[in-house]
1. Among the residues that make up the stretch B:207-228, is at least one of them part of a loop (DSSP other than H, G, I, E, B) and either more than 23 Å from residue A:234 (Cα to Cα) or not assigned by TED's automatic domain parsing to the domain that holds residue B:131 (or both)?
2. In the stretch B:181-193, what count of residues is obtained for those that are assigned to a helix (DSSP H, G or I) and in contact with a Leu (Cβ under 7 Å, 6 or more places away or on another chain)?
3. Among helices (runs of 4 or more DSSP H) lying entirely in the stretch A:158-215, which contain 3 or more residues that are crowded, with 21+ Cβ neighbours inside 10 Å, at pLDDT below 95 and not polar (S, T, N, Q)?
4. Before we move on, is residue A:146 aliphatic (A, V, I, L, M), more than 10 Å from every other protein chain (Cβ to nearest Cβ), farther than 18 Å from residue A:86 by Cα and not in a loop (DSSP other than H, G, I, E, B)?
5. Could you tell me how many of the residues in the stretch A:78-116 are facing chain B (nearest Cβ under 7 Å), assigned to a helix (DSSP H, G or I) and hydroxyl-bearing (Ser, Thr, Tyr)?
6. Check the stretch B:231-244 and report whether any residue there is in a helix (DSSP H, G or I), over 30 Å from residue B:164 (Cβ atoms) and at the interface with another protein chain (Cβ under 9 Å from one of its Cβ atoms).
7. Given the conditions (1) farther than 25 Å from residue B:176 by Cβ; (2) polar (S, T, N, Q); (3) within 8 Å of chain B (Cβ to nearest Cβ), and given that residue A:19 satisfies all but one, which numbered condition is not satisfied?
8. Of all residues in the stretch B:123-135 being within 7 Å of chain A (Cβ to nearest Cβ) and either of a type in the set (Gly, Ala, Ser) or in a helix (DSSP H, G or I) (or both), which is surrounded by the most Cβ atoms within 10 Å (Cβ to Cβ)?
Amino acid sequence: MADKKFNALPGFGLTMGFTLFYLSAIVLIPLAALVCRAFGVSWAEFWRLATTPRALAAYRLSLETSLLAAVANALFGSLLAWVLVRYRFPGRRLIAAIVDFPFALPTAVAGLTLASLFAADGWLGRFLTPLGIKGAFTPLGVVIALTFVGLPFAVRTLEPVLLNLEREVEEVAATLGAGRLRTFVSIVAPALFPAVLTGFALAFARAIGEYGSIVFISGNLPFKTEIAPFLIVTRLEEYDYAGAIALAVVLLVFSFLLLAGINLLEQWASRLQR
Amino acid sequence: MGQPPPAVEESGVVTNHKSAKQPSQRGTEEPPLVKWLLILVALGFCFVFLLLPLANVFVQALSKGWAYYAAALSSPDSLAAIGLTLLVAAISVPLNVLFGLAAAWAIAKFEFTGKSMLITLIDLPFSISPVVAGLMFVVLFGLQGLLGPWLDARDLKVIFAVPGIVLVTVFVTFPFVARELIPVMQATGSEQEQAALTLGANGWQTFWHVTLPSVKWGLLYGIILCNARAMGEFGAVSVVSGHITGKTDTMPLRVEKLYNEYDAPAAFAVASLLVVLALLTLAIKIFMERRQARKELS
């Protein structure tokens, strides 16, 4: 590489040294401490702690609600991105601005206001509850909160891809006699698919670890509306450190697998774009 | 993973929305009925999912009137929470700025093996659940933890005290500044720094007068995102704080406590401050993205 040219700049030792020190102190050592403590118990004991019926119910709820929320985000996020990029209409700038709102809003506030909106006497709950749709203190509430939190990921991942999409290709399809639906299905949708999938995966990964917005809206009932991160906090409050650590390691392994998957997805998507 | 990619400013990029009305391009537009149906669904979704929650915070906060709102915010416990939140952000944001500058300098200006590995490690906190992050520090510094007994013998408290809150906040906001700065510094290259050094400037002068001005917008962008997360973090802080009213409650924790004490208007009052913070963050973010887009066009 351009090693010789770069060597003229000073400060590599200092900045690299500080970077590695800070990274170790803040991220790597605490992470290693957690993993080491997990190895402190036997494999059988770890397995028992990580797979109690209550833990399994919590994983299941976390997975199901996160998946549903990610699907909702992929659908509505794609719709929002499409509408924002392709159409001009009154209120467009407002939507473009407020799409990032869930990202900027502290999750606790998101949970608080969503719980109050969907409560039986809330602005939305008072219309939905008579219809049998209960948004607060149910798994549906968890999905709602997770959809809110993950929305910007889906929209912002798709937006640049939509902007870069070459309209000429669609024009060619149209001149060759394809109807709009046919053009969309066989030209536009395949080009967008990797980005939609990446946005879906990012929203899913975010949802799996989410805590702040859920505590308020879910009610946190064991076996019913208790997500995995909440169970970790419960175990900690019971001073059951081994139990909390076992759950945390499971969640950690899952997050890292997802991270690896997302990296592969992004590589695939950028290859397809070229 | 902790933050969505930045918005792309569209103005000037999509140039054919006017010409789309011409007959020659009709084939690339949806029928008006489909188009307006899609717009209607999008508007409806944003209204229900984004605007209603936003408006609801202020309406609920003022549901018992301005006097109650003011009293809720000026109660000693709320003021202590606001103070703690400001203190935590004032410590953790500069720390991460320092780290971000150092990491970006090392990564953008030099070649070394393991660079992509290092970048992955820097992004790691984004993919760790905040609750797990909090637990990591409890395991390290808690009384049952590895360093706990040593700290306890010296009467130092990290967990259930302010240092622990600062540490987890540094952890969850760790990548923000670095990941904004690295691409910006990479894009500017190092020719200008080389020139400054050739002309006799020393390393620090080069950094202050050449590098820093060229990355200041990226830095500012990273800082506001980092600050928003630092002030709003809930899960990780909740695990290590110990929830001592007036001492280790940050604003988001205060919101939860007031809500659990069935004082919803007061909870929403504190929450409304955090919403104002979010709106300010959003406004600065949009302003800077517009600026960036204009610069790229010219």
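The values are calculated or read from the model by the stated rules, or taken from the named source; none is laboratory data. This one's a predicted model, so the numbers in the text were calculated from it and none came from an experiment. Don't worry about glycine lacking a Cβ; one is built from the backbone with ideal geometry, like all the others, and counts go over all protein chains shown.
1. So far as the stretch B:207-228 goes, no, none of its residues is part of a loop (DSSP other than H, G, I, E, B) and either more than 23 Å from residue A:234 (Cα to Cα) or not assigned by TED's automatic domain parsing to the domain that holds residue B:131 (or both).
2. Total satisfying the criteria: 2.
3. By residue number, A:189-209.
4. The answer is yes for residue A:146.
5. 3
6. No, the conditions are met nowhere in the stretch B:231-244.
7. (1)
8. B:135
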